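> What follows is a single structure, and I will ask about it in a moment.
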Amino acid sequence: MFFWNSPTPFAQKKHSLKVINVGTSEIPPYLSSSMKKGGALVYSMEKIFAQIGYKPVVHYVSWNRTRIMAEKGEIDCYAPTIRNDLLPGFTFFKTSSKVPWVIIQRKEKPIEWHKLSDLYKYEVGRVLGYYLRDEERQIYTHGVKVQSTTDNSKNLLMVATGRIDYAVIDPIVFSFLMQTDPSLIPYKDKLEINKQPLSLSDYGIAIRDSKKFVGLKDLLQKPETIEKLNRYVIEYLTNKDYIQNFILPGS
C-alpha cells in the first residue's frame, strides 16, 4: 500500500490542514503513486479540499481493499466512483456526467455489435480489483471467455497481441497509456476505440456521512466547485511539468 504525501506532525501543524483519508486505485493519469502530485484528480482534490481546511492523504489500493477500508472506518472518502457502487454510509457527489466506458479493439479485427448480447461471442480482458459497471456484470454472467490481469497496460497488451478480442477502459486512460507506456507504444497504430461505448456513467466522489464533513459536502454540492475541480484536472493533464510526452485528446 502506498500513502501519497503522508503528513508528518510538523506538516500538520505548519499548514493547519485536517487530514481526510482517501481510497483509490492506480489509474494514471488521474491517480497514481508514481506521478507528480499523485495524478490529475489528486492534484485537483488537494486544491478543492484545502479551501475548507482539508488535505487528502491518498491510499492507492484495489477497489476491493477500498471497500474493506471503508467498512473499517480507515478511509472517509473514495474516488473516482460511480453511483451504482456507492457504499453504505457514504454520499455520492457527481463530478462528471455521461463519461464513456469504451471498447478497445484491434483495427484489423473490429468488434461488431449493436446490443450487449452481441458481445457474448468475443473474448474479453478484465482488470482485477476494479468495480464493475452493470454492463460488465451482465457480460461476465453469460459464460463469456474472460482473461484476467492486474492492470490496464497488461490488458491492452493482450488485445494488441491477439490474446483477447477487446478490453474496456476510460478513453483518456487509454490515450495516456498508448502514448507513455513503453510496452504499448509499439502498438499505438494497431489499437482503436470502438465507435459505440459500452456504457455512459456519472463519475463522482464519495464522502462518509459524518457531521465533521458537512462543510466539505456543502462545498461539493456547489456547481462552481465541480467546475473548478474539472478545470484543475485539465490544468494538470496539459501541464508538461507534470506529464511528459502526452497530448490530451481534443486539446
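The values are calculated or read from the model by the stated rules, or taken from the named source; none is laboratory data. Everything quoted here is computed from the prediction, not taken from an experiment. Using ideal geometry, Cβ is built from the backbone for each residue, glycine included, and neighbour counts are taken over all protein chains shown. Accessible surface is based on the protein model in full, side chains and every heavy atom, while ligands, DNA and RNA are left aside. Shrake-Rupley method; radii C 1.70, N 1.55, O 1.52, S 1.80 Å.
> Just to be sure, is Gly53 closer than 25 Å to Gln179 by Cβ and open to solvent by less than 20 Å² (accessible area, probe 1.4 Å)? Before the answer, list the steps.
Values: closer than 25 Å to Gln179 by Cβ: no; open to solvent by less than 20 Å² (accessible area, probe 1.4 Å): yes.
Against the criterion (closer than 25 Å to Gln179 by Cβ and open to solvent by less than 20 Å² (accessible area, probe 1.4 Å)), Gly53 does not qualify.
This table checks each residue for (1) closer than 17 Å to Leu200 by Cα; (2) among the hydroxyl-bearing types (Ser, Thr, Tyr); (3) modelled with pLDDT under 95.
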| residue | (1), (2), (3) |
| --- | --- |
| Leu87 | no, no, yes |
| Val102 | yes, no, no |
| Gln105 | no, no, no |
| Lys121 | no, no, no |
| Tyr130 | yes, yes, yes |
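> Is there any pair with a first residue in the stretch 80-108 that is at positive phi and a second that is open to solvent by 10 Å² or more (accessible area, probe 1.4 Å) and of a type outside the set (D, E, K, R) whose Cβ atoms are under 9 Å apart and which are 6 or more apart or on different chains, and what are they?
Gly89/Ser210; Lys98/Leu200; Lys98/Ser201
> Pairs needed: first member in the stretch 187-213, touching a residue at least 12 places away in the same chain (Cβ under 8 Å); second member anywhere, open to solvent by 60 Å² or more (accessible area, probe 1.4 Å) and assigned to a strand (DSSP E or B); C-beta distance under 7 Å; at least 6 residues apart or different chains.
Hits for this filter: Leu200/Lys98; Asp202/Lys94; Asp202/Ser97; Asp202/Lys98; Gly204/Lys94.
> Go through the stretch 40-72 and give me each residue that's in contact (Cβ under 8 Å) with a residue 24 or more places away in the chain and more than 22 Å from Glu224 (Cα to Cα). Reasoning before the result, please.
Restricting attention to the stretch 40-72, the residues satisfying the condition of being in contact (Cβ under 8 Å) with a residue 24 or more places away in the chain are 40-45, 47-66, 69-70.
Within the stretch 40-72, Val57, Val58, His59, Tyr60, Val61, Ser62, Trp63, Asn64, Arg65, Thr66, Met69, Ala70 qualify.
> Just checking, which of Gln179, Gln221 is touching a residue at least 60 places away in the same chain (Cβ under 8 Å), open to solvent by 40 Å² or more (accessible area, probe 1.4 Å) and within 20 Å of Glu46 (Cβ to Cβ)? Outline the logic, then answer.
Working: Gln179 fails: within 20 Å of Glu46 (Cβ to Cβ).
Criteria check complete, one pass: Gln221.
Each row is one residue, and each column tells you yes or no for (1) modelled with pLDDT under 95; (2) in contact with a Ser or Thr (Cβ under 6 Å, 6 or more places away or on another chain); (3) under 21 Å from Gln105 (Cα atoms).
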| residue | (1), (2), (3) |
| --- | --- |
| Thr180 | no, no, yes |
| Asp202 | yes, yes, no |
| Ile207 | no, yes, no |
| Glu227 | no, no, no |
| Glu235 | no, no, no |
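> Just give me the residues in the stretch 124-151 being open to solvent by 50 Å² or more (accessible area, probe 1.4 Å) and in a strand (DSSP E or B), in sequence order.
If the condition is that a residue be open to solvent by 50 Å² or more (accessible area, probe 1.4 Å) and in a strand (DSSP E or B), then Arg126, Val146, Ser148 are the ones that fit.
> Now a separate question. Using the structure shown, decide if Ser117 is part of a strand (DSSP E or B), out of contact with any Pro (no Cβ under 9 Å at 6 or more places or on another chain) and open to solvent by 10 Å² or more (accessible area, probe 1.4 Å). Don't jump to the end; show me each part of the working.
Details: part of a strand (DSSP E or B): no; out of contact with any Pro (no Cβ under 9 Å at 6 or more places or on another chain): yes; open to solvent by 10 Å² or more (accessible area, probe 1.4 Å): yes.
No: the conditions fail for Ser117.
> Which residues, counting only those in the stretch 152-176, are among the hydroxyl-bearing types (Ser, Thr, Tyr) and open to solvent by 60 Å² or more (accessible area, probe 1.4 Å)?
The one that is among the hydroxyl-bearing types (Ser, Thr, Tyr) and open to solvent by 60 Å² or more (accessible area, probe 1.4 Å): Thr161.
> Here's something else I'd like to know. Is it the case that Ile52 is farther than 23 Å from Thr150 by Cα, modelled with pLDDT under 95 and over 14 Å from the mean Cα position of the chain (by Cα)?
On the way: farther than 23 Å from Thr150 by Cα: yes; modelled with pLDDT under 95: yes; over 14 Å from the mean Cα position of the chain (by Cα): yes.
Yes; evaluated as a whole, the condition is true for this residue.
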